[in-house]
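The values are calculated or read from the model by the stated rules, or taken from the named source; none is laboratory data. The structure displayed is predicted, hence computed values, not measured ones. In this analysis, Cβ positions are derived from the backbone assuming ideal geometry, glycine residues included, and neighbour counts consider all displayed protein chains. Note: areas computed on protein heavy atoms with side chains; ligands, DNA, RNA excluded. Shrake-Rupley method; radii C 1.70, N 1.55, O 1.52, S 1.80 Å.
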Amino acid sequence: MSKNYRILDLLRRNRSPLENHLIDGLVDGRVSRREFVRHGSLLGLSLPLLGRIGMAAGLGGMPSLARAQGAPGATIRVAYNVPSGAIDPVTIADTGGIMLIQQVGEFLCVDGSDLLLRPALAESWKPNDKGTVWTFKLRTGVKFHSGGEMKADDVVATIDRLADPANSSNALSVFKGILQKGATKKVDDYTVEFHLDAPNGNFPYMVSSDNYNAIILPATYKGDFEKSFDGTGPFKLEKYTPKVGASFVRNDDYWGPKALPDRTEFTFFDNRQAQILALQGGQVDITPISALSGIGLLNDPNFDIISLKSPACQQVHMRCDSDPFKDPRVRRAIALSIDRDKLVAGLMKGRASLGNDSPFAPVYPSTDTSVPQRKQDFAQAKQLMEAAGAGKGFKVTLTAVRVAEIPEYAQLIQNWVKEIGIEIELNILDAGSYYGDAVFGKSNWLDSVMGITDYGHRGVPNVLLSAPLKSDGTWNAAHFKNKDYDMLVSNYIAAIDLEAQKATAGKIQKLLLEETPIIFGYFLDYLTATAKGVTGVQPSAVAQLFLEKASKA
């Protein structure tokens with residue numbers, strides 16, 4: 001298709017310089033269509049507008065995501081993890097809790113499986129020219145289940161609650177250094193401004209479904225969520241029994257299209273295998289699986305597998321401030337011992353992507369794909385060990401959390417590093433023992449010399465770049481401190497232009513290959529199994545499950 005410059009000129013009118021620069025990148029071929037659509041959605045451009053620009057640029061229209069709507073009235077049954085504590089959107093951090101609050105609560109915008117941001121409680125958003133202030137326009141006519149209309153006061157109170165260190169919010173891992181309490185401003189009843197600590201080109205993801213704590217609650221919320229599950233979503237609470245399960249019914253006062261199911265039921269199980277048995281036995285219709293635990297379902301014609309590419313990963317940290325990992329050559333040697341192709345093909349049954357020892361997964365548009373992929377190389381690893389004065393090897397303990405395939409991953413690492421003289425003793429712990437109080441000095445996770453930690457999906461790499469790797473990172477189990485790295489990450493986060501993000505990403509990727517405080521061996525696909533005939537299920541790689549379009553044959 002040829003370019004239509006007349007229509008392009010019309011579409012450019014009233015666009016900001018930043019938006020027009022992105023359009024120029026598409027027209028000139030510096031930015032791919034996928035990158036253009038994804039970054040355009042981040043800047044607040046609507047998907048129909050992005051489609052029209054793509055057509056005018058000669059690249060064809062947007063692919064249709066429309067699907068045939070299933071029959072209404074079903075009860076959709078889900079097997080899921082037992083929530084580990086009280087259900088409170090401010091503090092919740094486990095997958096069971098994340099799943100439940102999302103059933104009734106909504107976000108300003110939603111990060112889809114394609115990493116595109118779509119409007120939800122906010123109709124639109126845009127940055128100022130520096131990316132220091134983002135303005136969100138709220139949807140009108142949205143009601144909480146308790147009856148009041150959602151307005152700017154509710155958004156301000158919700159985000160201030162999450163950004164307040166006094167509340168021990170889990171969302172502080174997102175907002176620390178980005179947004180402070182009091183920096184969310186009401187402009188009018190349906191307009192909110194976020195005044196950031198520093199420029200941030202990816203900020204809308206921080207208040208999207210990516211930040212699973214950020215469902216909008218009434219301004220009057222006092223921490224009694226389990227009593228009412230008060231939100232704005234398409235389902236409302238029917239019954240919640242701690243440690244047992246929960247059920248929800250259609251919200252007939254919902255602002256958008258009404259949910260197809262009459263009811264949804266969630267039954268809690270202590271382990272993944274019990275969930276799979278419940279699905280195979282016909283007790284439930286849906287359950288999340290991992291490639292290893294769910295291997296029996298992957299090719300079973302009685303079930304469908306929904307597979308989402310994701311930056312979720314099992315991070316292998318090595319403490320940079322203590323022996324035997326002070327020397328980066330030793331850390332690189334261990335990384336060179338790992339056969340990533342076998343991890344993807346064998347351990348993950350092909351349901352993963354290769355990792356290159358940085359958070360920049362292949363799924364991210366800003367990842368610099370020209371950086372060479374690290375491969376297994378025992379000869380080079382042995383040379384590095386000799387050069388570091390560790391040629392005779394050493395013994396070390398690898399502490400890991402017993403989640404998904406992590407114990408098997410630990411065993412593979414244990415076997416591979418024997419080739420370069422390293423003897424690893426495994427210390428596999430349950431989640432409670434591994435994470436402890438999740439603060440330095442009181443956590444096997446943060447204090448271990450070497451460990452493996454489960455990290456979930458994020459639509460942009462900001463949190464994965466900052467929390468586990470910056471000098472002041474809240475999750476810096478590697479105790480990695482590098483001023484050049486900190487500066488590069490600050491520059492990446494500040495960039496609101498995609499090309500500037502990609503240029504900085506390449507520098508970060510190369511620095512981390514040199515330093516290797518953390519091994520990113522693979523990025524796992526997020527898998528959800530459904531019974532045949534169950535359609536319209538929309539999981540997210542954050543461990544959410546959108547069921548408003550679900551139906552049964």
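Charge tally around Leu179: other residues with Cβ under 10 Å, Lys/Arg +1 each, Asp/Glu -1 each, net 0. Each residue of the stretch 339-345 was assigned a 3J(HN,Hα) from its phi angle through the Karplus expression (A = 6.51, B = -1.76, C = 1.60, θ = phi - 60°), giving 8, 5, 4, 5, 4, 5, 6 Hz with x at Gly and Pro. In the context of the full protein assembly, Phe360 retains an accessible surface of approximately 10 Å², using a probe radius of 1.4 Å and ignoring ligands and nucleic acids.
Where a ≥ b ≥ c are the square roots of the eigenvalues of the C-alpha gyration tensor, would you call the stretch 239-284 rounded, which needs a/c under 1.5, or, failing that, prolate if a/b is larger than b/c, or oblate? Let's see the in-between values first.
Details: a/c = 3.52, a/b = 1.99, b/c = 1.77.
It is prolate, given that a/c is not under 1.5 and a/b is the larger ratio.
Summarising the label geometry, the points placed 7 Å from Cα in the beta-carbon direction at Val244 and Glu419 lie 5.4 nm from one another. Note on the stretch 220-379: Kirkwood radius taken over Cα pairs, Stokes-Einstein applied at 37 °C and 0.692 mPa s, translational D equal to 161 µm² s⁻¹. Think of each Lys and Arg Cβ as +1 and each Asp and Glu Cβ as -1; about the Cα centre, that makes the dipole of the stretch 161-275 roughly 220 debye. Straight-line reach from Lys418: which lysines have Cα under 30 Å away, leaving out those fewer than 8 places along the same chain? Of all the lysines, those that pass the test against Lys418 - Cα under 30 Å, at least 8 places apart if same chain - are Lys326, Lys342, Lys349, Lys375, Lys382, Lys392, Lys395, Lys481, Lys510. Protein-only accessible surface at a 1.4 angstrom probe places the residues Asp323, Asp154 in the order Asp323, Asp154, largest first.
Note down the net charge around Ser209, summing +1 for each Lys or Arg and -1 for each Asp or Glu among other residues with Cβ under 10 Å from its Cβ. Can you show the working numbers first?
Values: positive: Arg118; negative: Glu106, Asp111, Asp210.
Its environment carries a net charge of -2.
When the helices of the chain are scored as -39500 (n - 2.57) per DSSP H run of n ≥ 4 and the total is divided over every residue, the value at 222 nm lands at -8000 deg cm²/dmol. Ranked by solvent-accessible area (1.4 Å probe, protein heavy atoms only, all chains present), the residues Arg319, Arg402 order from largest to smallest as Arg402, Arg319. Among the listed pairs Lys222/Lys309; Lys222/Lys552; Lys309/Lys552; Lys130/Lys185; Lys470/Lys502, those with a Cα-Cα distance over 27 Å are Lys222/Lys309; Lys222/Lys552.
For the stretch 189-292, the calculated P(r), taken from all Cα-Cα distances in 10 Å bins from zero up to the bin holding the longest distance, is 11, 28, 34, 20, 6, 0 percent. Which of Val534, Tyr492, Ala505 sits closest to the plus end of the dipole of the stretch 484-547, meaning its Cα is farthest towards the positive end, when Lys and Arg get +1 and Asp and Glu get -1 on the C-beta? Most positive-ward Cα: Val534. Here the contact order of the stretch 162-288, divided by its residue count and restricted to Cα pairs under 8 Å and six or more residues apart, works out to 12 percent.
Split the accessible area of the chain by element, probe 1.4 Å, and carbon with sulfur accounts for 50%.
Ranking of Tyr435, Tyr254 by solvent-accessible surface, largest first: Tyr435, Tyr254 (1.4 Å probe, protein heavy atoms only, all chains present). Each label point was placed 7 Å from the Cα along the Cα-to-Cβ direction; for Val187 and Leu47 their separation is 2.5 nm.
Ordering Leu100, Leu298, Pro242 by the projection of their Cα atoms onto the charge dipole of the chain, which places +1 on the Cβ of Lys and Arg and -1 on the Cβ of Asp and Glu, puts Leu298 at the extreme positive end.
Met348 sits with roughly 10 Å² accessible to a 1.4 Å probe, with DNA, RNA and ligands left out of the calculation.
Is there a quick way to get the dipole size of the stretch 416-553? I mean about its Cα centre, with the Cβ of Lys and Arg at +1 and of Asp and Glu at -1; what is the value in debye to the nearest 20?
Working: 12 positive and 16 negative charges, 104 e Å.
The calculation lands at about 500 debye.
In the context of the full protein assembly, Thr91 retains an accessible surface of approximately 60 Å², using a probe radius of 1.4 Å and ignoring ligands and nucleic acids. Around the Cα centre of the chain, unit charges on the Cβ atoms of Lys, Arg, Asp and Glu (plus for the first two, minus for the last two) sum to a dipole of about 1020 debye.
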